[in-house]
1. On C-alpha positions alone, give me the angle between the axis of helix 129-170 and the longest principal axis of the chain, in degrees, nearest 10.
2. Give the cross-link partners of LYS135 among the lysines, using a straight C-alpha distance below 17 Å as the criterion and excluding same-chain residues fewer than 8 apart.
3. May I ask for the net charge around VAL29, where only other residues with Cβ less than 15 Å from the Cβ of VAL29 are counted and Lys, Arg are +1 while Asp, Glu are -1?
4. Only Lys, Arg, Asp and Glu count, each charged at its Cβ (+1, +1, -1, -1), so figure out the dipole size of the chain about its Cα centre, rounded to 20 debye.
5. Among THR26, THR89, THR67, whose mean-square fluctuation peaks in a Gaussian network model of the chain (Cα, cutoff 10 Å)?
6. Please give the FRET efficiency for LEU126 paired with ALA102, using the beta carbon to beta carbon distance and R0 = 25 Å, rounded to the nearest 0.05.
7. By how many nm would the segment from PHE158 to ASN19 lengthen if fully extended, with 0.36 nm per residue of separation less the alpha-carbon distance?
8. Nearest 10 degrees, 0 to 90: what angle lies between the long axis of helix 54-63 and the longest principal axis of the chain (Cα atoms)?
Amino acid sequence: MAAPDKIAAVAEIKEKFENSTGAVVTAYVGLSVAQMKDLRRALGENAQYRVAKNTLTKIAANEAGITELDAYFSGSTAVAFVTGDPVATAKSLRDFAKDNDALVIKGGVLDGKPLTAEDIQKLADLESREVLLAKLAGGMKASMAKAAATFQAPLSKFVRTADALRSKVEQGGAGAPAPADAE
């Protein structure tokens, strides 16, 4: 590759690092073209999977301020640039690797924090963002219902007492305060 081509490649990879929330570095030796296509399809819109030259990718990552991945840039390397849900990306990579031994997750970075292969496995074990949000909403709804039930009895008692006092005042009953203009 000529120097201008290498400079352009580094700039493109650097931009991918800068525009993604994370990156997962993998080894892919032994995957066929069809399997790579299946992996890209499995990642969907959550990540862009790119085979990369180690030296150029390392330079691009360093220029983007990411030095935590340097140790992973050896052998056959491809990078999944996370552009969507990182949990979905981790799940897709994990599931694909289960069925295809040739794909090995080396490590990665998420929001500037380094991730080991084990960290990515733990991330894959999380439920999706939508499921977690639904559980949070359900928990909040249950808490609000419990809080409403807790305060309902005292509030109902207060309303009944205030209404009884109002009725007594309107009827001029005993113990009712004298009107202000009676003095």
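1. For 129-170 against the chain, the angle is about 10 degrees.
2. Within the straight-line limit of under 17 Å, LYS135 reaches these lysines: LYS146.
3. +1
4. Using Cβ point charges on Lys, Arg, Asp and Glu, the chain gives about 360 debye.
5. Checking each option, the largest mean-square fluctuation is seen for THR67.
6. That gives a FRET efficiency of 0.50.
7. Gain on stretching PHE158 to ASN19: 44.3 nm.
8. In the chain, helix 54-63 runs at an angle near 40 degrees to the longest axis.
Bear in mind these aren't lab numbers, they're just calculated from the coordinates by the rules spelled out. What you are looking at is a predicted structure, and each value in this text was computed from that prediction instead of being measured. Every residue, glycine as well, gets a Cβ built from its backbone with ideal geometry; the counts of neighbours run over all protein chains shown.
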